[in-house]
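**Q** There's a structure below that I have some questions on.
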Amino acid sequence: MKQVSKPARQRLITLSKLLSQQTGEKITSVELASLTGWTSDTIRRDISLLELHAGVSNGDEVKVLKKAIGKFLGFPDMQNKISICIVGLGTLGQGLLESAIFEEYGFELKAGFDTNQNRLDLINSTIPLFPTLDLETKIRQLKIQYSLLSVSDEKAQFMADRLVKYGIKGIINYTNTVLTLPPQIKIINASPVFMLQLLQQ
């Protein structure tokens, strides 16, 4: 994937989501600017990274632009989905147990894990659920690459270490714990508290 700054990457991800909501066939940088609050120059500069050949005045085809962003950023597609799991099925984890949330974007929710067998027995889900004792077996069997981690804060580092040991390449961390993991493991801290604190900046 071509090198791109983190802010530009985040803007392109946002544009991709925004384009999914559009009903028209074409959209201009001016229209995108009004929807995002960014300048049209910034949007044109980001789109230029995609090396599309479209005029500023007549806009870009929405489907073509969205596909180009996905290809540029290396998004998974419907034919090559990336397998993911949720570890920690408390209130937050259970709220994420909906495969449709992920499938549209090329991710496939393969499993949910929890330490509490009683909780697993009570959850009504179409996603297969397993005790965390089965992490190693199921992660390797189902070829899971990424995990959404929503365990209690005190269990977060221990569970993250296990996930990495069993082959997980990246973690979305919904806990308030700052994880210490090998540099090759991708981590995104998505704790609601952390996000609220960012809003205050």
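The values are calculated or read from the model by the stated rules, or taken from the named source; none is laboratory data. If you're wondering where the values come from, they're calculated on a predicted model, not measured in any experiment. Backbone-built Cβ (ideal geometry, glycine too); neighbour counts: all protein chains shown. The accessibility values were calculated without ligands, DNA or RNA, using every heavy atom of the protein model including side chains. Shrake-Rupley method; radii C 1.70, N 1.55, O 1.52, S 1.80 Å.
**Q** Suppose we filter ARG44, ARG9 for residues that are of a type in the set (D, E, K, R), in contact with a helix residue (DSSP H, G or I) (Cβ under 9 Å, 6 or more places away or on another chain) and either surrounded by fewer than 15 Cβ atoms within 10 Å (Cβ to Cβ) or closer than 17 Å to TYR105 by Cβ (or both); which single one remains? Quick ask: steps written out before the conclusion?
**A** Numbers: ARG44 fails: either surrounded by fewer than 15 Cβ atoms within 10 Å (Cβ to Cβ) or closer than 17 Å to TYR105 by Cβ (or both).
ARG9 is the lone residue from the list that is of a type in the set (D, E, K, R), in contact with a helix residue (DSSP H, G or I) (Cβ under 9 Å, 6 or more places away or on another chain) and either surrounded by fewer than 15 Cβ atoms within 10 Å (Cβ to Cβ) or closer than 17 Å to TYR105 by Cβ (or both).
**Q** Hey, can you tell me all the residues within segment 166-183 that are out of contact with any Phe, Trp or Tyr (no Cβ under 6 Å at 6 or more places or on another chain), of a type outside the set (Ser, Thr, Tyr) and either open to solvent by less than 20 Å² (accessible area, probe 1.4 Å) or touching a residue at least 12 places away in the same chain (Cβ under 8 Å) (or both)?
**A** Of everything in segment 166-183, those that are out of contact with any Phe, Trp or Tyr (no Cβ under 6 Å at 6 or more places or on another chain), of a type outside the set (Ser, Thr, Tyr) and either open to solvent by less than 20 Å² (accessible area, probe 1.4 Å) or touching a residue at least 12 places away in the same chain (Cβ under 8 Å) (or both) turn out to be GLY167, ILE168, LYS169, ILE171, ILE172, ASN173, ASN176, LEU179, LEU181, PRO182.
**Q** Being part of a loop (DSSP other than H, G, I, E, B) and open to solvent by 90 Å² or more (accessible area, probe 1.4 Å) is the requirement here; does GLN197 meet it?
**A** Spelling it out, it is not the case that GLN197 is part of a loop (DSSP other than H, G, I, E, B) and open to solvent by 90 Å² or more (accessible area, probe 1.4 Å).
**Q** Go through segment 84-117 and give me each residue that's in contact (Cβ under 8 Å) with a residue 40 or more places away in the chain and surrounded by fewer than 16 Cβ atoms within 10 Å (Cβ to Cβ).
**A** Hits for segment 84-117 are GLY90, GLU104.
**Q** Within segment 85-121, track down each residue that is in contact with a Lys or Arg (Cβ under 7 Å, 6 or more places away or on another chain) and within 23 Å of LYS155 (Cβ to Cβ).
**A** Narrowing segment 85-121 to residues in contact with a Lys or Arg (Cβ under 7 Å, 6 or more places away or on another chain): 85, 89, 106-108, 111.
The answer is CYS85, LEU89, ALA111.
**Q** Using the structure shown, decide if LEU120 is part of a loop (DSSP other than H, G, I, E, B), touching a Phe, Trp or Tyr at 6+ places or on another chain (Cβ under 9 Å) and open to solvent by less than 70 Å² (accessible area, probe 1.4 Å).
**A** Working: part of a loop (DSSP other than H, G, I, E, B): no; touching a Phe, Trp or Tyr at 6+ places or on another chain (Cβ under 9 Å): yes; open to solvent by less than 70 Å² (accessible area, probe 1.4 Å): yes.
It is false that LEU120 is part of a loop (DSSP other than H, G, I, E, B), touching a Phe, Trp or Tyr at 6+ places or on another chain (Cβ under 9 Å) and open to solvent by less than 70 Å² (accessible area, probe 1.4 Å).
**Q** Quick check: anything in segment 53-74 open to solvent by less than 90 Å² (accessible area, probe 1.4 Å) and in contact with a Gly (Cβ under 7 Å, 6 or more places away or on another chain)?
**A** yes
**Q** Return the residue satisfying two criteria in turn: it lies in segment 139-162 and is closer than 15 Å to LYS110 by Cα and assigned to a helix (DSSP H, G or I), and of such residues it is least open to solvent (accessible area, probe 1.4 Å).
**A** The selected residue is ILE139.
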